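Worksheet: one structure, shown below.
The values are calculated or read from the model by the stated rules, or taken from the named source; none is laboratory data. Everything numeric here is computed off the predicted structure, so don't read it as measured data. Cβ placement follows ideal geometry from the backbone for every residue including glycine, while neighbour counts extend to all protein chains displayed. Just so you know, the surface numbers come from the protein's heavy atoms only, side chains and all, with ligands and any DNA or RNA stripped out. Shrake-Rupley method; radii C 1.70, N 1.55, O 1.52, S 1.80 Å.
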Amino acid sequence: MSKVRTNASSTLFGSKGHISVSRGLADIHGGRPVLITTADKTLLALPVEGLDGQRLAAFMALCSPYLPRLIVTERRALALGLRAVTPMGLRLAASDDARTILALVTDAKGDCDRDASPAGSEAVAAIQLVKLSHGLPAILAANAGADVILREPNIIAVEADAVWRFSDEATRSLALASEASVPLNSGTPARFVVFRDAIGGSSVAIVIGKLDFTKAIPVRLHSACLTGDVFGSRRCDCGDQLQLAIAGLEDLGGGVILYLAQEGRGLGLANKMRTYQLQDDGLDTVDANTTLGFDDDERDYGIAARMLQMLKCTRIVLLTNNPAKLDGLAKAGIEIVSRMGLEAPINADNRRYLTAKVARAGHRLDHLMTSLADPS
């Protein structure tokens, strides 16, 4: 009986580590502090996302008598002018207010003369947790774990090792949630297949036409872009690429579009808007991401590969200009027979963005290079 009860509990709740990360993510989304634990350390961590004076004062009181440090990513530390090969902990003064702390995390210019030291593994895991929540990649942290548990018994403890396993577990947890026929504007029949993972994200496979999955299937991986796909933003080429992909798949007799919940190259919508502000201040799309503390591209294509496998679509012709998508899918076991490029229109608002994608991220945009070479 006890074995049956244990198996039922595992089926309903998952592993202890997975539960801790899921509940920790919910608290991070709510702006609440969590404990990050290793075998010998416990760290109290508060996301910087949404920080204001009231929340800062309350966290300072919770940490007392310890003074929290500001933990930033290696990328952000470098942007602040620090020597860094790992996330860093910055010493804060008792007089630092929420605005000062947020400026250390988000401002384009940041000559930092504060004492800094490498962050421990528990702090690095806390940074990864806030990245999973699509918040700013920075936390306030203090080594006050044992005292906090006594004062706040409801605080969630998250296993640091479990944070690093969580994305892979979410990929393995992917399940088909629902599907329905949706005729496209052209009249072409399509089937929308919605997948859901353990994080709560929903990605969609749009199966256009009637396909023979024993053959190589034309496939487009498309990261969700609210501004471009829905509102026709001229800052990027996302909406144009989506429409070109739909038309191209119809011309080819059918194919699959994976519409992935990866807004802003995996940063989330709020951070994408922050990078736009940095671009308006003169940074390109790559430097805007790294100045904010992210990698240039935070996307993981494991979910896309799993979706294709569940569709029995493992030999594909990939519609992309991005070599990272080719590499990501190939490493996940998808056979890529060939690549087809998508040449979206170039305009005065997206030219700098597209040029940075070619020069900094290796995208293949031959029509842009031809345009740049044309003196007229």
With Cα atoms, 0 to 90° folded angle of helix 269-280 axis to the chain main axis: 80 degrees
13 Å beta-carbon shell around residue 304, net charge (K/R +1, D/E -1): +2
Between the stretch 203-273 and the stretch 93-118, the alpha-carbon center distance in angstrom: 38 Å
From the coordinates shown, Rg and Dmax of the Cα atoms in Å corresponds to which of [x] 19.6, 59; [y] 22.8, 80; [z] 22.3, 72: [y]
For the chain, share of DSSP beta bridges that run antiparallel, in % to the nearest 5: 70 percent
Accessible-area value, residue 298, 1.4 Å probe, nucleic acids and ligands omitted, Å²: 50 Å²
Within the stretch 189-210, backbone nitrogen closer than 13 Å to the virtual label 7 Å beyond the Cα of residue 180 toward Cβ: 191-194
Mean separation of Cα contacts under 8 Å (6+ apart) over length of the chain, as relative contact order %: 15 percent
Net lengthening on full extension, residue 338/residue 64 (0.36 nm per residue, minus Cα-Cα): 92.7 nm
On Cα atoms only, tilt of 160-172 relative to the major axis of the chain in degrees: 20 degrees
Normalised convex hull volume, the stretch 31-145, alpha-carbon set, Å³ per residue: 97 Å³
Degrees between helix 238-251 axis and first principal axis of the chain (Cα, 0 to 90, nearest 10): 40 degrees
Protection proxy ranking of 149-156, 133-140, 181-188 - average other beta-carbon atoms within 10 Å, highest first: 133-140, 149-156, 181-188
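What's the ranking of 34-43, 213-222 by average number of surrounding C-beta atoms within 10 Å, highest first?
Values: 34-43: 18.3, 213-222: 19.9.
Those peptides, ordered most packed to least, come out 213-222, 34-43.
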